[in-house]
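Accompanying notes for the structure given below.
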Number of protein chains: 2
Amino acid sequence: MPTGTRDRILDSALAAFGMRGYDATSLDDLAVDLGITKQAILYHYSSKEALLEATIELAVNELGSALSGAANPQARGFERIEDLVRATFSLAARRPEVLGLVRLVSRQGGVASGKLASAMSVMLGDAVRFVEAEMAAGRFRRLEPRMLLLAVYSAVVGVATEPEVMRALGLEPDLRSLVRARRETIEFLRAALIAD
Amino acid sequence: MPTGTRDRILDSALAAFGMRGYDATSLDDLAVDLGITKQAILYHYSSKEALLEATIELAVNELGSALSGAANPQARGFERIEDLVRATFSLAARRPEVLGLVRLVSRQGGVASGKLASAMSVMLGDAVRFVEAEMAAGRFRRLEPRMLLLAVYSAVVGVATEPEVMRALGLEPDLRSLVRARRETIEFLRAALIAD
DNA sequence: ATAAATACTTACCATTTGGTAAGTATTCTG
DNA sequence: CAGAATACTTACCAAATGGTAAGTATTTAT
């Protein structure tokens, strides 16, 4: 590996954009952090927005591989949901910046969100088909699949990435609480999903 | 009412901070929007951060009154949750910037989030006691009350305020979809909460 | 009538920011 | 070994940004 600077920039940018926000992170901040000059960044990525797009691509890939790695095609019914929730929480603990960036971009829209939306719609399409099949098999409660997924997505990502709300509830966002939050989220979803 | 400029600034700032973000909104933008000069803003609010704190206070008040206005103390069990979810969706449709700002601040932490946290912890304390009472009465499923609230909060606010995720699911975030999302979210929560 | 407070505006300003231009050291290629 | 591509750095820069200083018109208080 000759340099790896390009990858180091990408990693730092993902961490900074995902945790502190895009506007709150200047190229100079990143450069100082990396011990290089701002122009080195602009050599590898033609503009700040181009860098953002690259970080989004990386984040989507990481999220995708985390989820597809967890999705055991053998698993049926709620087991599969459980696997996915576990994987999501694991990612939130290991690399909070990835989910942070996804949330950030999905909220503010703009040019960059188009890429994210199209990348995620593939995953979501699979998910919709899975949920529909489970409903048809009578294992999941009958609800509108897409709305259901939106609620599940919001609940999981929200619980996994909202430390301030946890603090307001009197829970410290440490690892132990996160583990408990994961367990409770799974129970919550189990109750909501499984057909009587 | 002599001027009202102070209030107009506050309204515009809440809308801009809540929808586009704090960093993404410059005082010049706000000033042009209002047809005044930037220095008029700094006359009423000593700094941009002071303005942010004022908008947070306003947003918390609006959220609080929307929720307390909906909370019928007579209502028991799931009815009360339903009222609250309806009120939250109504607020999301009427003034999306309020929930937007709450989410924004709760995510990024910082100085301002302390005020929000303390203001919200009162509401959440009431909510925790309510949920505990319902569990004790056997009307709600037994789950950890605070984690449950976190999941409910995340699901509702997420569904109500994530247009991009809705788009990725192939749903246009218009009023009709929002009404459907509300109905489905309520059904989802009903299934998750109500004890067998 | 005069002083003083209120509600601004015009005029600046230092810093930060994303970005360009040009130079330099190093490595690869013919 | 010459030249070209790669991977940077130093040197700038125009625009934007939050904020200060000072002036002005209007209303209020004495």
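Structure values in brief
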quantity: Residues of the range A:156-195 classified as in contact with a Phe, Trp or Tyr (Cβ under 6 Å, 6 or more places away or on another chain) and facing chain B (nearest Cβ under 7 Å), total; calculated: 1
quantity: Every residue from the range A:1-60 that is within 13 Å of DNA strand C (Cβ to nearest atom), over 13 Å from A:Val105 (Cα atoms) and under 18 Å from the mean Cα position of the chain (by Cα); calculated: A:Ala13, A:Ala16
quantity: Search result, residues across the range A:1-43 that are surrounded by 13 or more Cβ atoms within 10 Å (Cβ to Cβ) and of a type in the set (Gly, Ala, Ser); calculated: A:Ser12, A:Ala13, A:Ala15, A:Ala16, A:Gly18, A:Gly21, A:Ala24, A:Ala31, A:Ala40
quantity: Qualifying residue in the range A:81-101 (condition: among the acidic types (Asp, Glu) and either within 16 Å of DNA strand D (Cβ to nearest atom) or in contact with a strand residue (DSSP E or B) (Cβ under 6 Å, 6 or more places away or on another chain) (or both)); calculated: no
quantity: Number of the exception - B:Ser26 against (1) away from DNA strand D (no atom under 11 Å from the Cβ); (2) out of contact with any helix residue (DSSP H, G or I) (no Cβ under 8 Å at 6 or more places or on another chain); calculated: (1)
quantity: Residue match in the range B:141-155 (condition: facing another protein chain (nearest Cβ under 7 Å), crowded, with 20+ Cβ neighbours inside 10 Å and charged (D, E, K, R)); calculated: yes
quantity: A:Leu51 vs. criteria of a type in the set (A, V, I, L, M, F, W, C), surrounded by fewer than 17 Cβ atoms within 10 Å (Cβ to Cβ), part of a helix (DSSP H, G or I) and without any contact (Cβ under 8 Å) to a residue 60 or more places away in the chain; calculated: no
quantity: Boolean, B:Ser46 is among the small types (Gly, Ala, Ser), surrounded by fewer than 18 Cβ atoms within 10 Å (Cβ to Cβ) and more than 8 Å from DNA strand D (Cβ to nearest atom); calculated: no
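Every number here is computed from the coordinates shown, using simple stated rules; none is lab data. This structure is a prediction, so every number in the text was calculated from the model and none was measured. Note that we place each Cβ from the backbone using ideal geometry, even for glycine, and neighbour counts take in every protein chain shown.
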